[in-house]
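These notes concern the structure reproduced below.
The values are calculated or read from the model by the stated rules, or taken from the named source; none is laboratory data. Treat the numbers as computed from the prediction; the structure is a model and nothing was measured. With ideal geometry, Cβ positions are generated from the backbone for all residues, glycine too; neighbour counts draw on all protein chains shown. Note: accessible area is taken over every heavy atom of the protein model, side chains too, but ligands, DNA and RNA are not part of it. Shrake-Rupley method; radii C 1.70, N 1.55, O 1.52, S 1.80 Å.
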Amino acid sequence: MEKIFIILLIPVVIYVVYYLLNRTAKNNAAIKRVLSDEGKNILEQEVAYYRHLSVADKQEFETRCLAFLDTVKIEGVGVTLELKDYMLIAASAIIPIFAFKKWTYPNLTNIMVYPSHFNADYQFEGHADRNIMGMVGEGAMNGQMILSKSALEYGFENPNDGQNTAIHEFVHLIDKTDGTVDGVPTYLLDKAAIIPFMNLIREEINKIKEDRSDIDTYGMTNPGEFFAVASEYFFENPAKFQKNHPELYTALSRIFEQS
């Protein structure tokens, strides 16, 4: 009789243990993780945008960096990645969407980091045409991003030059959320503001062509590239951008909801 009781008790014990473990796992998942001191130091030293945030906003920024790193796979190709690389990529992702608390990147699953510049065939060695610093994948590469490690680090080492490759590529992803990279992020623009913004882009591109603008000449390529190039400048050196491009500064402040 005692043996029968023990046999009948085993499934009950298993269920109770499973229930407790499962409940504990759920509770642990609900506990907000905290970024390591090393990670915080990297943000403080390397990311000017983060340094200028309030204490509460810094905590929010850190939490969202962790959430990004949990959902997007980042891997080095021909290069070993360090914590600094992960933190700079995460910061680049969060900066342009920081005002949008629930924003994620539904069109991104994987980021490959190359040691240096690469070409259109994704080669980073032995080719003279290696002039690409970052790329958002299309077609078979949809959902992928490629970044040059050297360009990633350079973008944060020079915070006032208005150039940041990683931010550039994440702005492309924001632009692409509506299906096309055309310089008009329709999810972030009121319908009434779309045509005025398109006209503003055309005017600014003409200024670059006429050598009347300090926005990088790569912005002349097309409206999509202009939007990404201008956004780099906007986030890297907002004071200078506002002084030199007040109308465009106002437009981007509204799009990205920056005060």
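Numbers for the structure displayed
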| read-out | value |
| --- | --- |
| Residue that is more than 22 Å from Leu88 (Cβ to Cβ), of a type outside the set (S, T, N, Q) and open to solvent by less than 10 Å² (accessible area, probe 1.4 Å), where the choices are Leu173, Leu248, Leu189 | Leu248 |
| Any hit, the stretch 89-108, residues being outside any helix (DSSP H, G or I), open to solvent by 50 Å² or more (accessible area, probe 1.4 Å), over 22 Å from Phe227 (Cα atoms) and at pLDDT below 90 | yes |
| Gly179, sole failed condition from (1) within 22 Å of Tyr105 (Cβ to Cβ); (2) surrounded by 15 or more Cβ atoms within 10 Å (Cβ to Cβ) | (2) |
| Answer from Tyr233, Tyr218 - the residue that is in a helix (DSSP H, G or I), under 24 Å from His117 (Cα atoms) and open to solvent by 40 Å² or more (accessible area, probe 1.4 Å) | Tyr218 |
| Residue within the stretch 44-52 that is loosely packed, with under 12 Cβ neighbours inside 10 Å and aliphatic (A, V, I, L, M) present | no |
| Subset of the stretch 198-215 that is aliphatic (A, V, I, L, M) and closer than 15 Å to Val184 by Cβ - its residue that is surrounded by the fewest Cβ atoms within 10 Å (Cβ to Cβ) | Met198 |
| Residues satisfying the stated conditions in the stretch 201-215, i.e. in a helix (DSSP H, G or I) and either over 17 Å from Glu232 (Cα atoms) or without any contact (Cβ under 8 Å) to a residue 12 or more places away in the chain (or both) | Arg202, Glu203, Asn206, Lys207, Lys209 |
| Scope the stretch 133-152; condition open to solvent by 40 Å² or more (accessible area, probe 1.4 Å) and either in contact with a Pro (Cβ under 9 Å, 6 or more places away or on another chain) or in contact (Cβ under 8 Å) with a residue 40 or more places away in the chain (or both); matching residues | Ser150 |
| Members of the stretch 73-88 that are within 18 Å of Gly155 (Cβ to Cβ) and either open to solvent by 50 Å² or more (accessible area, probe 1.4 Å) or outside any strand (DSSP E or B) (or both) | Val79, Leu81, Glu82, Leu83, Lys84, Asp85, Tyr86, Met87, Leu88 |
